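To start, the structure itself, in structure tokens.
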Amino acid sequence: MVQNDTPAASIVKLAYQHYYDQLVAVPGAGDFYVALNNNKGPFANVNTRKALFAALDREAMIKADGGTVVAQLGTHFIYPGTSGYAQGGGDTGPQVDYNMYPGGNMSVATRYMRAAGYPSGRYTGGKTIRVVGATGDPFPRIASVVNHALQRLGFTTDLTLVDQSVMYQKFCGVPARQIEVCPNVGWIRDFADPQTVLAPTFAGYNILPTGNPNIGQVTDPSINAAMRAGEKVVGVTARARAWGTIDQDLVRIAAAVPWAFIKNPVIRSGDVRGVNDLSNLGTWDYAYSSLK
């Protein structure tokens, strides 16, 4: 027997503790990030975005997601197994101060809040921040970590949890709703080219009135131009270099807060010689898997 559907966290824990050689957690299964409204409200200010980036306890978010068995700390947006991952920063990501403390650093965060125009280092704008996350384990726990970081920065928050499809279709994926923070956003590439990771999600020319994949409404003129140029680059190495630079630029404007490179846990029986299909999130490949 093999299990291809994503197993429950309790099953992954059981396999990890007692059947370790039957569990494979395949990297390159997508990424998670906290989408911030770059268009309107407090997070239209780049320094406010950097402040939240610095304040977030991304290690706690990884733990809430199931731990390092199922997720690697996210430090930028092109994730492992995709061309351009190394050029975008590899495991550590761009070395900027707000990206260097995965457990969160309030000293760095308050410095950026002051740079954003809040002398006390805490938000004093009076606006209630709308945070829309998803129901279903582990999304509420992750949203709670983000909500706590916002409150530590002085924001009054209105946290709403809805079904994941509703989150995208009615709230986070509809620019007219102008949601400030969406903590449970994820992306899976179409194939292992970096354009399929960055262009749909961060190109200003891909903002749509509904079903919008650019959740944060990110539209930076220089990055948009670099993406248009990157679309025309030919050759794996050249494309990795071009899109890796764009990836670093997205971190430098804190377009969103990356927190996890997803690993896909799959389980097999002890009598199965399993082969993983990396092009399909590491699920078992029936054409090559066999019995021992």
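Descriptive notes on the structure:
- A crude spin-label estimate for the pair H148 and K127, with each label 7 Å from Cα along the Cβ direction, gives 2.6 nm.
- Sites D190 and T68 - FRET efficiency at Förster radius 22 Å, r taken between beta-carbons, to 0.05: 0.25
- Applying the criteria of a DSSP loop state and at most 16 other Cβ atoms within 10 Å to the chymotrypsin sites (Phe, Trp or Tyr not before Pro) of segment 144-226 yields F191.
- Label sites at E59 and K292, each approximated as a point 7 angstrom past Cα along Cα to Cβ, lie 3.7 nm apart.
- On Cα atoms only, tilt of 236-252 relative to the major axis of the chain in degrees: 40 degrees
- Loop-located trypsin sites (Lys or Arg not before Pro) in segment 232-265 whose Cβ has at most 16 other Cβ within 10 Å (DSSP): K232
- Sites V275 and T210 - FRET efficiency at Förster radius 41 Å, r taken between beta-carbons, to 0.05: 0.55
- Among G74, N99, G125 the positive-end extreme of the charge dipole of the chain (Cβ point charges): G125
- Prolate/oblate/rounded label for segment 1-50 (Cα gyration tensor, a/c 1.5): prolate
- Residue-wise HN-Hα coupling along segment 17-28, computed from phi with Karplus coefficients 6.51, -1.76, 1.60 (Hz; x: Gly, Pro): 7, 10, 9, 4, 6, 9, 10, 10, 9, 8, x, x
- Rounded if a/c under 1.5, otherwise prolate or oblate - segment 28-262, Cα gyration tensor axes: rounded
- Annotation note: chymotrypsin sites (Phe, Trp or Tyr not before Pro) in segment 217-292 located in DSSP loop regions with a Cβ neighbour count of at most 13 within 10 Å are Y286, Y288.
- Segment 28-262 - charge dipole about Cα centre, Lys and Arg +1 at Cβ, Asp and Glu -1, debye rounded to 20: 620 debye
- Oblate is the label for segment 149-270, because a/c, from the alpha-carbon gyration tensor with a ≥ b ≥ c as root eigenvalues, is 1.5 or above and a/b does not exceed b/c.
- Backbone N within segment 241-279 under 17 Å of label point (7 Å from L14 Cα along the Cβ vector): 265-271
No lab work stands behind these numbers, since they all come straight from the coordinates. It should be emphasised that the depicted structure is a prediction, and the values quoted were computed from it without experimental measurement. Virtual Cβ from ideal backbone geometry, glycine too; neighbours counted across all protein chains shown.
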